[in-house]
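All remarks here apply to the structure that follows.
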Amino acid sequence: MSDLVAAEDVLLFVNAAVTATGQREFRSSAAEQRFSLAFLHEYVRVNYRPVYAASLALDINDHNAALVIEQLLRTPEEAEPGEGRLIAARLAKLPPPRVYRLFRALRAAGVNNRRTRAIVRAWLAARPDPALDAVKYRSGLKAALRHVHGRLPDPETGDFLFAPGRRVRYENATLDAHRRAHYEQGALYELPFTVAEGFAAKHGVPRAVFLERIAPRMTRLEKLRTARAADLSVMPLTRLALFVLSLPFGERVERRAELTGALRAAARRTAGPYAGSWGRVAAVLDDSFSSSGSAVKRRRPLAVALGAHFLLEALAAPGAYTPLWTSGGDDPLLVRPYGPTPLGLRILDALDTGPDRLVIVSDGWDNAPPGLAGEVLRVWRTRLDPERRTSVVHLNPVYDAEGFDVRRLAPSVPAAGIRDAEDLAALVEIAQFAEGRTGFGELRAYLDRRVELFLRAAGEGAGR
Amino acid sequence: MTRIDLTGLDVRPAQVWGGVRIVPLVRNEPVPGLRLHRKVYEGRGAVDLPDRTAYTSYIPHGFVADWSGTGSGAESAAYGTRLGDGAGTRTGTPSGVPWGAPECVPVRRIHRMAKRRQGERRLRFLPLHLALEGYLALHFGGPSVVWDEWSREALRHGLSPRAEAAYAGWTVPGLAEALRVFELHPGQCGLLLYVADALAAAFVVPHPEDYRLLHPTLVEDLYGELVHQYAYYGGPVPEFTARIRDGAGGIRNLADLRAAAREQERAWAVAHDGLMARDLLETSYAFERVYRAGPFDLYRFLPPFERGGREQHIGEVITDRKGRTAYLKTFRLSEKQIRKGYLLHRLADCDWHLGRTAEALGTSYAEVVLRVRAAGLGALLDAHRVEERLRADRGKNGRIKEAE
């Protein structure tokens, strides 16, 4: 019994850690989200410390990864062996701004134990270009170095950070560009985009001219964000879906072939060796009004559904895929968040096609009429398909702050949180544990396997 | 006509958020020939009255009813653009000069509350203003016969000042959030709004596109005291979740399951109309036609002011030739307001004679005086005369007791 409870607790936490970002959602405020999440983190950290650390190896989102690392470092007295390696491996995967923010949070909380210092120093030492970090994340780097009494990467960078007036010029090109950019317009095009942006404003460079000339220095995401002609063929699936949804209908129609092609390619890349291996697949995808997300997570649930659509198309056997949008639309490229969520009837339509797998991507609010989806799935499972020919999985992109989990449609249907459509296959795997038919032991074994894979991948990455 | 006719509007399952339940009303096809737009007033408004007085007011928003016919069906209800054009121009300025132009001073003159410009096939009016005016003007003139008990003030000026307090939508706890997360149905033309499962307001428009634009204005409308209190003290209401009976071989295949699911939708609509909206739909109202707009009639209606716990709404409605509702907006009266309306009606029936009113109500003179005072009309009574009469009654009663 306690075994099952433990397994449920862990899955609850994993669902939360995948979906929640502490930001406002369609139905709950940022404060509610953070409060709810803080409780969960503490609960799991105290009760299941090894599992809590192991969650770093799963596809939990960066916000929660940073929270987990912070919590682990704040409580060194409860530490378990092997945590350090997991933390280091995850830190290496996190985007640098988030890591610097985490270091700053540690500094604010007065966490400065030996393990923390070692981890922060190791991460700083592994940064490929300290001068670039000094320019781009100046205050973050300074705070981190001060906090852990770190050794300066090199004398020039040290002077740049802590004694900016000392040198007349720098040998390092980036540092020198930063110095010159104060009075020379040409120099700002040698700086990273975000830093150059400030200098461009200072010099009054017209935005169009600036974007044109800085283009080679922009990262992939920065190009996408400033609506420059980014190379869509290398974008990850969910990013791409978000980009498509941000375009007006007219442009989506005009660029239909290009956008569809990019989405299909991204989905195929994600599916990898599993492409075409899932047999007959039906998907119920939620494009109701609530999939518009919130001002800070704009159209995120809808983008996940759109990404999942293309991924499932790639995973299903050729021609054996049926997508069903709740609005009744059949053009995935022109979806928009509108209307109620009649999930129950859509699920019936999906079951009508006799699929091997049914995947539901929805925030779990079923309101036309409420609760019908759960009833349909329950009756289907108990009366019409007790021998489980069809496997049903519910993937939910929204964390429900009140319930400390993602909202479920029915107890008999495993639900898993999802943030990026790319993780769909892995999440379907986790979701099977949520059916309550497997115990804590198997879950631990699964986690151990994931941790091992994760650490090995990190080791290879570092070796390269 | 005596009842509200919601033919053509279908009920869809309710959506619940905290203590607020919103029941969408859906039309199969929009009402032809009538559109309703939103007009935004900025700043304060000033109303000219015939006797050269003016009152200033703050108006959150107004409606423009447009029955220009064939053309309007194809046009979309664009926010702000068509409304500023013509409908709000001052008489005397050439039409086409937009009222909302930035060079205008913030105080605007609004000539009448339901106003149609010469030659225009559209009408501007303020939501619920007609309805409230109907209620406030109940026997507004005061006593029709000069009885001693009424003060000179009452005879000269009537029931003045006439005022009722209401709450703006955004001060009703939870309402703004509920309206924000509500998911509109395709073809939705209205809603019934319940707070703590008491019907708070009904709102119907002719066209789904109008509804989409006007949905956010619900938070700017006014709601009765009762609604505010229910929202404030009431807990979350339960969701009526679907339940499929699957016992004893009832469902053998997918088709059975689908039929059962469809049945759930129908069951909801029947239960709702018979149970939750009964008082609104089955009460007979006193309708008064305010305006005739082509084939449409603009009415305001008053409830029968019956006591005994039934909910009472005042409101305004636009009906087509067959009496079907094209536009509807209601305001729920509080118990106190119902009592006041009831009392005013009774007084008027008896020519404002307090003694006869007491007889008609089957009660005593003192009781009627008490009721008049409780309704907030005490200042209209001539305190001296009333006291004299009460003393006389008491003396009479005393004598009767002695005789016994």
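The values are calculated or read from the model by the stated rules, or taken from the named source; none is laboratory data. What you see is a predicted model; the values in this text were computed from it and never measured. In this analysis, Cβ positions are derived from the backbone assuming ideal geometry, glycine residues included, and neighbour counts consider all displayed protein chains. Only protein heavy atoms, including side chains, enter the accessible area calculation; ligands, DNA and RNA are left aside. Shrake-Rupley method; radii C 1.70, N 1.55, O 1.52, S 1.80 Å.
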*Condition test on A:S139, is it surrounded by fewer than 16 Cβ atoms within 10 Å (Cβ to Cβ) and within 27 Å of the chain's Cα centre (by Cα)?*
yes
Take A:P355 and decide whether it is in contact with a helix residue (DSSP H, G or I) (Cβ under 7 Å, 6 or more places away or on another chain) and either in contact (Cβ under 8 Å) with a residue 60 or more places away in the chain or more than 14 Å from chain B (Cβ to nearest Cβ) (or both). no
When the stretch A:221-260 is checked residue by residue, the ones that are open to solvent by 80 Å² or more (accessible area, probe 1.4 Å) and basic (K, R) are A:R225, A:R239, A:R256
When the stretch B:304-338 is checked residue by residue, the ones that are of a type in the set (A, V, I, L, M, F, W, C) and part of a strand (DSSP E or B) are B:I314, B:V317, B:I318, B:A326, B:L328, B:F331
A:R389 - would you say it is in a helix (DSSP H, G or I), in contact (Cβ under 8 Å) with a residue 12 or more places away in the chain, within 14 Å of another protein chain (Cβ to nearest Cβ) and more than 13 Å from A:G344 (Cβ to Cβ)? no
From the option list A:A266, A:A295, single residue qualifying as exposed (fewer than 13 other Cβ atoms within 10 Å of the Cβ), modelled with pLDDT of 90 or more, under 20 Å from the mean Cα position of the chain (by Cα) and within 30 Å of A:R24 (Cβ to Cβ) is A:A295
Looking across the stretch A:378-427 at residues that are within 21 Å of A:W365 (Cβ to Cβ) and of a type in the set (S, T, Y), the single one that is least open to solvent (accessible area, probe 1.4 Å) is A:Y399
ask   = Somewhere in the stretch A:103-113, is a residue more than 26 Å from A:L427 (Cα to Cα), of a type outside the set (G, A, S), surrounded by fewer than 17 Cβ atoms within 10 Å (Cβ to Cβ) and under 22 Å from the mean Cα position of the chain (by Cα)?
value = yes
Within the stretch A:1-27, residues open to solvent by less than 20 Å² (accessible area, probe 1.4 Å) and within 22 Å of A:S291 (Cβ to Cβ) come out as A:N15, A:A16, A:A17, A:V18, A:T19, A:A20, A:T21, A:G22, A:E25, A:F26
Counting only residues in the stretch B:386-396 that are under 16 Å from B:G355 (Cα atoms), open to solvent by less than 90 Å² (accessible area, probe 1.4 Å) and not aliphatic (A, V, I, L, M), the one modelled with the lowest pLDDT is identified as B:D393
Expected single match for under 20 Å from A:V99 (Cβ atoms), among the basic types (K, R), open to solvent by 10 Å² or more (accessible area, probe 1.4 Å) and not in a helix (DSSP H, G or I) among A:R127, A:R167 is A:R127
Restricting the stretch B:149-184 to residues that are under 18 Å from B:R373 (Cβ atoms) and among the acidic types (D, E), the one most open to solvent (accessible area, probe 1.4 Å) turns out to be B:E153
Among (1) closer than 30 Å to B:P32 by Cβ; (2) of a type outside the set (A, V, I, L, M); (3) facing chain A (nearest Cβ under 9 Å), B:D246 falls short only on (1)
Residue pairs qualifying under the 7 Å Cβ cut-off, at least six apart or on distinct chains, with the first in the stretch A:359-372 being closer than 17 Å to B:P24 by Cβ and at the interface with another protein chain (Cβ under 8 Å from one of its Cβ atoms) and the second being polar (S, T, N, Q) and in a strand (DSSP E or B), are A:N367/B:Q15
Checked the stretch B:359-385 for anything within 29 Å of B:D279 (Cα to Cα) and among the small types (G, A, S); matches are B:A360, B:G362, B:A374, B:A375, B:G376
Condition set within 14 Å of chain A (Cβ to nearest Cβ) and farther than 25 Å from B:H61 by Cβ, scope the stretch B:216-243, selection surrounded by the fewest Cβ atoms within 10 Å (Cβ to Cβ): answer is B:P238
Residue hits (the stretch B:340-359; open to solvent by 10 Å² or more (accessible area, probe 1.4 Å) and over 29 Å from the mean Cα position of the chain (by Cα)) are B:H353, B:G355, B:R356, B:E359
Condition set within 14 Å of chain A (Cβ to nearest Cβ) and not in a helix (DSSP H, G or I), scope the stretch B:249-300, selection least open to solvent (accessible area, probe 1.4 Å): answer is B:I251
A careful count of residues in the stretch B:7-28 that are among the polar types (S, T, N, Q), in a loop (DSSP other than H, G, I, E, B) and more than 12 Å from B:V204 (Cβ to Cβ) gives 1
Quiz item: more than 15 Å from A:E422 (Cβ to Cβ), outside any helix (DSSP H, G or I) and among the hydrophobic types (A, V, I, L, M, F, W, C) - does that describe any residue in the stretch A:218-226?
Solution: yes
Residue pairs qualifying under the 6 Å Cβ cut-off, at least six apart or on distinct chains, with the first in the stretch B:237-260 being at negative phi and the second being in a loop (DSSP other than H, G, I, E, B), are B:V237/B:G19; B:V237/B:D197; B:T241/A:G371; B:A242/A:P369; B:A242/A:G371; B:L257/B:I251; B:A260/B:I244
Any hit, the stretch A:444-464, residues being touching a residue at least 12 places away in the same chain (Cβ under 8 Å) and either within 18 Å of A:I347 (Cα to Cα) or not in a helix (DSSP H, G or I) (or both): no
Reported set for the stretch A:373-386 where residues are under 31 Å from the mean Cα position of the chain (by Cα) and facing chain B (nearest Cβ under 7 Å) is none
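Restricting to the stretch B:343-365, count the residues that are under 30 Å from B:L192 (Cβ atoms) and either modelled with pLDDT of 90 or more or of a type in the set (A, V, I, L, M) (or both).
Of the residues in the stretch B:343-365, 2 are under 30 Å from B:L192 (Cβ atoms) and either modelled with pLDDT of 90 or more or of a type in the set (A, V, I, L, M) (or both).
Okay, residues lined up against (1) part of a helix (DSSP H, G or I); (2) more than 18 Å from A:L58 (Cβ to Cβ):
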| position | (1), (2) |
| --- | --- |
| A:D3 | yes, yes |
| A:L11 | yes, no |
| A:V14 | yes, no |
| A:V18 | yes, no |
| A:R24 | no, yes |
| A:S28 | no, yes |
| A:E32 | yes, yes |
| A:F35 | yes, yes |
| A:E42 | yes, yes |
When restricted to A:G344, A:G319, A:G307, the only residue surrounded by 23 or more Cβ atoms within 10 Å (Cβ to Cβ) and away from chain B (no Cβ under 11 Å) is A:G307
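Report whether or not A:L334 is more than 9 Å from chain B (Cβ to nearest Cβ) and touching a residue at least 12 places away in the same chain (Cβ under 8 Å).
Spelling it out, A:L334 is indeed more than 9 Å from chain B (Cβ to nearest Cβ) and touching a residue at least 12 places away in the same chain (Cβ under 8 Å).
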Report task. State yes or no: is A:P192 surrounded by 14 or more Cβ atoms within 10 Å (Cβ to Cβ) and under 28 Å from the mean Cα position of the chain (by Cα)? Result -> yes
